[in-house]
Amino acid sequence: MDKNFYITTPIYYPSAKPHMGHAYSSIVADFFARFKRIQGYNVFFLTGTDEHGQKVEIAAKNKKINPLEFVNQVSKNFEKLSNLLNLSNNDFIRTTENRHKASCQKLWSDLEKSGNIYLDKYSGWYSVRDEAFFSENELLNGKAPTGADVEWVEEPSYFFRLSNWQDELLNFYEENKDFILPITRKNEVVSFVKSGLKDLSISRTSFNWGVPVPNNEKHIMYVWLDALTNYITASGYSSDANKFETFWPADLHVVGKDILRFHAVYWPAFLMAAKLPLPKRVFAHGWWTNEGEKISKSIGNVIDPVKLIEDFGLDQVRYFLIREVPFGNDGDFSKKNLIQRINSDLANSLGNLFQRVISFSVKNCDEKVPNHENKFTPKDQDLIDSINLELNQIKKLIEIQKLDDCLKVIWTKISNSNKYIDEQAPWNLKTTDQKRMNVILYCLIESIRQIGILLQPFVPDTASKILDSLSVDNKERSFASLKDKIKTGVFLKKPNQLFPRINE
Ligand code: MSP
């Protein structure tokens, strides 16, 4: 089995204030990184900021400072967000770093050597907000299909021979059926490519905030060529052959649906042309609306992740974002639904199970995991052995990025444990049958240990509180440890409440 795993978030334009859309891409990618680590993989998780291009240059001009000074300030907002989200990223790339410039120039030279670049003149429409070129027939009512303003651009430009790669791309999609997920998005990409690819303008001359083209400094590279290259910069393309060998190609690029075309058409074409291996999967997640409305600065309904986390807690927000929508679909953020999920799934189902089992055991079993003397009934056995099946289900679901379904598997386990405790009513056995009471509590504590291990990638802080209170050693928190069982006599710590209920 290939034991390395490389996962990326999009790199964010630092000119905007971090919002929930950014937080969402990052939280999901962080989930995969944590999951794979617990599964025993050597994970490289990359995030960062996309600091060149006209959009950033204009934002700096508006602030009356030079672009470098500007990005030095604003990229900090994204580093802060990464910390606030407690991302487990191994690297944070900024495209203004020298290591990235070197890597872009190497890729450019490779593309040039292989005959994929030529000099010509671009004339057409450009949308600064999307940092994308559009032809006349793509415009809708004089705007980009995204609704962004466009401007007429006419300037000397290098082109990438994208049209030469159309058939190879279609073959690649055909042979790698899961390269783009979800399937509906893949179909959109395939029809776009089938409708015919034109060569792509990959340099600009009318401004200069970017990576200079090797041997022709009048041109700077198109910001998307520069940005996409971040994924190979950080994995060592021009700096560390060993690392590159270990981690490239990436296993998973997590992107929003709006930037799928760049990742699923341009990026593989650049890589094929440079004779580099292609990423294994690009997954396009959906977009969030806020209480049914499109999120936009002009409406003023942008959701600030910092405030959201301050108000509700990080794990609560992570849980909600992953559970609320099937990954890949659009989702609606609503405070009412968030509060409902916190109260019912987290505080009631998970919080109560944990609280009642551990408090009762601490009190009645001398603060230790009780003895079971191997006297398990079939029902007991079901509760503690179902984990093999659950783990297999979860691993399979993760291979196809069905995150919300994984949570459903875990919550079925939680609800089975709650049913079991109600049926078995250990509190009634305190004076009549302590031995049986002990077996029941043992099974429940073991079930909670399993739940704690499974929950780590989803709600890392809560999972560590659960595992700490069962004195589970840090080395025994991987999925591999699920084949063992908790030992009798292990110290139990009195639990603190996991999730306070929220008043609506
Ligand atoms: N810089 C480019 C990405 C380059 S990757 C080589 C970019 N940056 S961005 O800051 O504009 O957006 C980053 C991510 O935020 C995208 O994946 C985008 O889909 C996501 N979101 C922005 N608004 C969103 C929502 N309302 N909902 C969910 N995600 C959204 O694009």
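Name the shape class, rounded, prolate or oblate, that the alpha-carbon gyration tensor gives for the stretch 117-244, where a ≥ b ≥ c are the square roots of its eigenvalues, rounded holds for a/c under 1.5, and otherwise prolate holds if a/b is larger than b/c and oblate otherwise. Cα axes put the stretch 117-244 in the oblate bin.
For the chain, the longest principal axis of the C-alpha atoms and the axis of helix 183-194 are separated by about 10°. When the surface is traced with a 1.4 Å probe over the full set of protein chains, VAL74 keeps roughly 20 Å² accessible. Note on the stretch 1-104: semi-axes of the ellipsoid equivalent to its C-alpha gyration tensor, largest first and rounded to whole Å, are 29, 15, 9.
Note on LEU119 and SER239: the extension gain reaches 40.4 nm, defined as 0.36 nm multiplied by sequence separation minus the Cα-Cα distance. With both labels modelled 7 Å from their Cα along Cα-to-Cβ, the LYS218 to ASP473 distance reads 6.8 nm.
For ILE27, the shell of other residues with beta-carbons less than 14 Å away shows a net charge of -2, using +1 for Lys and Arg and -1 for Asp and Glu. Among the GluC sites (Glu not before Pro) in the stretch 373-462, those located in a DSSP loop and surrounded by at most 14 other Cβ atoms within 10 Å of their own Cβ are GLU373. For the chain, the carbon plus sulfur part of the accessible surface works out to 48%, probe radius 1.4 Å.
The length gained on full extension between ASP178 and SER464, counted as 0.36 nm times the residue separation minus their Cα-Cα distance, comes to 99.6 nm.
In this label model, GLU168 and LEU84 are separated by 4.3 nm, measuring between points 7 Å along each Cα→Cβ vector. Measuring between alpha carbons in the structure, the pairs from LYS435/LYS487; LYS55/LYS143; LYS294/LYS336; LYS17/LYS402; LYS64/LYS218 lying more than 21 angstrom apart are LYS17/LYS402; LYS64/LYS218.
Taking amide H atoms as placed 1.01 Å from N in the peptide plane, the amide H of VAL490 lies under 5 Å from those of VAL369, each 5 or more residues away in sequence or on another chain. So the label point goes 7 Å from the Cα of LYS375 along Cα→C-beta, right? Which residues of the stretch 421-461 then have their backbone N under 15 Å from it? Counting backbone N atoms under 15 Å from the label point, the list is 426, 429-443. Basic side chains Lys and Arg get +1 at the Cβ, acidic Asp and Glu get -1 at the Cβ, and with that the dipole of the chain about its Cα centre reaches some 1280 debye. When shorter helices are ignored and each DSSP H run of at least 4 residues is given -39500 (n - 2.57), the per-residue value for the chain at 222 nm works out to -13500 deg cm²/dmol.
Taking amide H positions as placed 1.01 Å from N in the peptide plane, with prolines and chain starts having none, which residues 5 or more places from THR289, or on another chain, fall under 5 Å of its amide H? Here the answer is GLY331, ASP332, PHE333, since their amide H atoms fall under 5 Å of that of THR289. Given the chain reduced to its alpha-carbon atoms as identical point scatterers, what log10 I(q)/I(0) does the Debye formula return at q = 0.05, 0.13 Å⁻¹? Debye intensities relative to I(0), on a log10 scale: -0.24, -1.22.
Sequence-ordered 3J(HN,Hα) estimates for the stretch 124-139 from the Karplus curve with 6.51, -1.76 and 1.60 and θ = phi - 60° stand at x, 9, 9, 10, 5, 4, 8, 6, 9, 8, 9, 8, 3, 6, 8, 6 Hz, glycine and proline given as x.
Each residue of the stretch 280-287 was assigned a 3J(HN,Hα) from its phi angle through the Karplus curve 6.51 cos²θ - 1.76 cosθ + 1.60 (θ = phi - 60°); the sequence is 7, 8, 10, 10, 9, 8, x, 10 Hz, with glycine and proline shown as x.
You can think of it this way: the chain between ASN42 and GLU293 has 86.3 nm of extra reach, that is 0.36 nm per residue less the Cα-Cα gap. Whole-Hz Karplus values for the stretch 495-504 come out as x, 8, 4, 6, 9, x, 5, 10, 6, 5 Hz, taken residue by residue from phi with 6.51 cos²θ - 1.76 cosθ + 1.60 and θ = phi - 60°; glycine and proline positions read x. Taking amide H as placed 1.01 Å from N in the peptide plane, TYR222 has its amide H under 5 Å from the amide H of SER203, ARG204, each at least 5 places away in sequence or on another chain.
Rolling a 1.4 Å probe over the protein heavy atoms gives the stretch 356-436 an accessible area of 55 Å² per residue.
The values are calculated or read from the model by the stated rules, or taken from the named source; none is laboratory data. These figures come from a predicted structure and were not determined experimentally. Quick reminder, even Gly has a Cβ in these numbers, built from the backbone with ideal geometry, and neighbours come from all protein chains shown. Accessible surface areas use protein heavy atoms only, side chains included; no ligands, DNA or RNA. Shrake-Rupley method; radii C 1.70, N 1.55, O 1.52, S 1.80 Å.
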